[in-house]
Amino acid sequence: MVLLIDTNIVLDYLLKRQGFYDDAKCVMQMCSEEKVSGCIALHTITTIWYILRKTPDTTRRIVLKSICELLEVVGTTHEEVIDALDATEFKDFEDCIQSKCAKTAGVDYIITRNISDFAHSEIPVMTPKELFEAV
């Protein structure tokens, strides 16, 4: 099973967000143990870089490199970006791009804790808990 891990799950893991960390850690562990194949959208890396901007650059580079060694970085096409710009049914453009990256990468599911943000995704979505039940 190939999964695109949404930005919120990666941030829950990195920032040890209360109430979400345990599930995020289990998702990352499943990827590490190769129970599933995980990937991350290219723009998630730049988003995390920005969110961690108060962290020293050296630390950010180490953290992001470890994520990139765990999860394959995937992108999308020019045409899919244009399509995403026209996809007004998505409330959040970033989530639409996540969906387009997932489509381009041929993943089975997007893993997120914000299912409603992906109501119009061409790729099925699951929460971490739904993933744990499915595997």
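The values are calculated or read from the model by the stated rules, or taken from the named source; none is laboratory data. Values in this document were obtained by computation on a predicted structure and should not be read as measured data. Here the Cβ is made from the backbone with ideal geometry for all residues, glycine too, and neighbour counts use every protein chain on show.
State yes or no: is Glu89 assigned to a helix (DSSP H, G or I) and either of a type outside the set (Val, Ile, Thr) or touching a Ser or Thr at 6+ places or on another chain (Cβ under 7 Å) (or both)? No. Of all the residues in segment 97-126, those that are part of a helix (DSSP H, G or I) and without any contact (Cβ under 8 Å) to a residue 24 or more places away in the chain number 3.
So that you can scan it fast, the table gives a plain yes or no per residue for (1) over 14 Å from the mean Cα position of the chain (by Cα); (2) under 30 Å from Val135 (Cα atoms); (3) surrounded by fewer than 18 Cβ atoms within 10 Å (Cβ to Cβ):
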{"residue": "Cys39", "(1), (2), (3)": "no, yes, no"}
{"residue": "Pro56", "(1), (2), (3)": "yes, no, yes"}
{"residue": "Ser66", "(1), (2), (3)": "yes, yes, yes"}
{"residue": "Leu71", "(1), (2), (3)": "no, yes, no"}
{"residue": "Glu89", "(1), (2), (3)": "yes, no, yes"}
{"residue": "Ile97", "(1), (2), (3)": "no, yes, no"}
{"residue": "Lys103", "(1), (2), (3)": "no, yes, no"}
{"residue": "Val107", "(1), (2), (3)": "no, yes, no"}
{"residue": "Asn114", "(1), (2), (3)": "no, yes, yes"}
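Once segment 116-135 is narrowed to residues that are among the charged types (D, E, K, R) and surrounded by fewer than 16 Cβ atoms within 10 Å (Cβ to Cβ), the residue that is farthest from Cys31 (Cα to Cα) is Glu122. For segment 61-96, the set of residues classified as without any contact (Cβ under 8 Å) to a residue 12 or more places away in the chain and basic (Lys, Arg) consists of Arg61, Lys65, listed by residue number. Residue count for segment 96-122 satisfying the condition of being within 18 Å of Val73 (Cβ to Cβ) and touching a Ser or Thr at 6+ places or on another chain (Cβ under 6 Å): 4.
Yes or no, residue by residue, for (1) outside any helix (DSSP H, G or I); (2) at pLDDT 95 or above; (3) in contact with a Lys or Arg (Cβ under 6 Å, 6 or more places away or on another chain); (4) at negative phi:
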| position | (1), (2), (3), (4) |
| --- | --- |
| Leu11 | no, yes, no, yes |
| Lys16 | yes, yes, no, no |
| Lys25 | no, yes, no, yes |
| Gln29 | no, yes, no, yes |
| Cys39 | yes, yes, no, yes |
| Ile48 | no, yes, no, yes |
| Arg60 | no, yes, no, yes |
| Val63 | no, yes, no, yes |
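Across segment 10-23, the number of residues qualifying as over 15 Å from Ser66 (Cα atoms) and of a type outside the set (D, E, K, R) comes to 4.
When segment 73-83 is limited to residues that are outside any helix (DSSP H, G or I) and of a type outside the set (A, V, I, L, M, F, W, C), the one that is surrounded by the fewest Cβ atoms within 10 Å (Cβ to Cβ) turns out to be Thr77. Taken together, Val135, Val27, Val73 contain a single residue that is within 12 Å of Ile5 (Cβ to Cβ), of a type in the set (Val, Ile, Thr) and out of contact with any Pro (no Cβ under 7 Å at 6 or more places or on another chain), which is Val73. Every condition in (1) at pLDDT below 95; (2) acidic (Asp, Glu); (3) touching a helix residue (DSSP H, G or I) at 6+ places or on another chain (Cβ under 7 Å) holds for Glu89 except the one numbered (3).
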